[in-house]
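Step one of this worksheet: look at the structure below.
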Amino acid sequence: MTNFLNISDLDKINILKILNSKEDTKTLNNKSIGLLFEKHSTRTRLSFNVGISKLGGNSIDIRFKELNISRYESFEDTFLAMNCYLDGLVFRTDNHQKLLEASKYFKKPIINALSDISHPCQSISDLLTIKEHFGKLDCNILWMGDMNNVCYSLVEATNLFQEINLIICSPLSISNKKKWPINSNVSIVDSLNDIDLTKINCVMTDVFISMNDEGSADKLSLLKPYCVTNDIMSKTAEDSIFMHCLPAKLGFEVEEDVFRSSKSIIWKQAYNRMIAQQKLLQFIYQ
């Protein structure tokens, strides 16, 4: 495998290989992996740093603003230089096109650590968490709110796993703008009245205002009715869980009572980011 930029870079068989793999602490021996983050990060940066270390590798934090690209060096020459020293690159960017452009010059694996289009590492981790919690991937997921990069990767994952059913509940003014490829096990509605909540095993959401559209008061107002509340969770299946990729803005996309409830498995989900990153790296460098 060369690059992991979207979930669709993998097929179902290989995702299952990743999820079911055992830890190999020597996978990254004598390898140096660069972590290039243009945008803020807590879980992704930490989970990759620690995960790389646990696999015997060396992680190199690269501060974008301190590179010569911020002064005069070209994008091409910057990534040609990185290619001289690194065995791989974990790249978080505000523009997915930069990942594609970087891959022209950096000839080792590039992992998308989040872009404006997708967040595939999050979806691998979420599949791992669901499989670990329920003992299988068969479940009915309800996504509430914005159809953002995390949602896009979840859709791509669901397209590969027919045993997962995904319902996206989002305003029509948002969903009508999305021309995403979806299979029959993905549906989009704009009202909870169109959903049998008793069959929902997992409720997911993310911040309503993402890093690329901060400060949008109109969008917040539009999405306010899509907040995950105690009332919604009480109507879901008895064994249902709540998931959030974090960070959360409590009182906006989710009530704090839900966030802190016994149904919430957000911290297990966060821990599994590290486990999933390790499994992904093992798959890439096997």
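Residue-by-condition table, conditions (1) crowded, with 20+ Cβ neighbours inside 10 Å; (2) assigned by TED's automatic domain parsing to the domain that holds TRP267; (3) among the basic types (Lys, Arg):
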position	(1), (2), (3)
LYS26	no, no, yes
LEU35	yes, no, no
SER53	no, no, no
ARG71	no, no, yes
ASN112	yes, no, no
State yes or no: is ASP61 of a type in the set (D, E, K, R) and part of a strand (DSSP E or B)?
yes
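Based on this model, can you work out whether VAL258 counts as over 30 Å from ASN20 (Cβ atoms), in a loop (DSSP other than H, G, I, E, B) and at pLDDT 95 or above? Give the steps one after another, and end with the answer.
Working: over 30 Å from ASN20 (Cβ atoms): yes; in a loop (DSSP other than H, G, I, E, B): no; at pLDDT 95 or above: yes.
So VAL258 fails the test.
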Could you tell me whether segment 267-281 includes any residue that is buried (at least 18 other Cβ atoms within 10 Å of the Cβ), over 30 Å from ASN29 (Cβ atoms) and not assigned by TED's automatic domain parsing to the domain that holds VAL90?
no
Residue under question is SER175, and the condition is that it be out of contact with any strand residue (DSSP E or B) (no Cβ under 6 Å at 6 or more places or on another chain), assigned by TED's automatic domain parsing to the domain that holds GLU238 and among the hydroxyl-bearing types (Ser, Thr, Tyr); does it hold?
no
So, ASN95, is that one exposed (fewer than 14 other Cβ atoms within 10 Å of the Cβ), modelled with pLDDT of 95 or more and not assigned by TED's automatic domain parsing to the domain that holds SER184 or not?
yes
Here are ILE52, ILE33, ILE15: which of them is over 26 Å from SER210 (Cα atoms) and in a strand (DSSP E or B)?
ILE33
Which pairs turn up if I take residues in segment 14-32 that are farther than 19 Å from GLY57 by Cα and look for partners that are of a type in the set (A, V, I, L, M) with beta carbon separation below 6 Å, at least 6 apart in sequence or on another chain?
LEU19/LEU128
How many residues are over 27 Å from LYS108 (Cβ atoms) and not in a loop (DSSP other than H, G, I, E, B) if we restrict to segment 261-280?
7
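How do the strands (runs of 3 or more DSSP E) wholly within segment 127-200 filter down when requiring 1 or more residues that are out of contact with any helix residue (DSSP H, G or I) (no Cβ under 6 Å at 6 or more places or on another chain), on the phi < 0 side of the Ramachandran plot and crowded, with 23+ Cβ neighbours inside 10 Å: which remain?
On the way: elements: 139-144, 164-169, 186-189.
Per the criteria, 139-144, 164-169.
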Residue that is farthest from HIS40 (Cα to Cα), among those in segment 83-99 that are of a type outside the set (Asp, Glu) and touching a strand residue (DSSP E or B) at 6+ places or on another chain (Cβ under 6 Å)
LEU86
Out of all the residues in segment 33-68, which are touching a strand residue (DSSP E or B) at 6+ places or on another chain (Cβ under 8 Å), modelled with pLDDT under 95 and more than 13 Å from VAL90 (Cα to Cα)?
none
Checked segment 85-126 for anything within 15 Å of ILE33 (Cα to Cα) and assigned to a loop (DSSP other than H, G, I, E, B); matches are LEU86, ASP87, PHE106, LYS107, LYS108, PRO109, ALA113
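Residues checked against (1) touching a residue at least 12 places away in the same chain (Cβ under 8 Å); (2) part of a helix (DSSP H, G or I); (3) not hydroxyl-bearing (Ser, Thr, Tyr):
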position: MET204; (1), (2), (3): yes, no, yes
position: PRO225; (1), (2), (3): no, yes, yes
position: ASP231; (1), (2), (3): no, yes, yes
position: PRO247; (1), (2), (3): yes, no, yes
position: PHE252; (1), (2), (3): yes, no, yes
position: GLN282; (1), (2), (3): yes, yes, yes
position: GLN286; (1), (2), (3): yes, no, yes
Cross-chain or 6+ apart pairs with Cβ under 8 Å, segment 71-85 first and at pLDDT 95 or above, then exposed (fewer than 13 other Cβ atoms within 10 Å of the Cβ) and of a type outside the set (D, E, K, R):
THR78/ASN68
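The values are calculated or read from the model by the stated rules, or taken from the named source; none is laboratory data. Since we're looking at a predicted model, the values are computed, not measured. All Cβ positions, glycine included, derive from the backbone under ideal geometry; neighbour counts span all protein chains shown.
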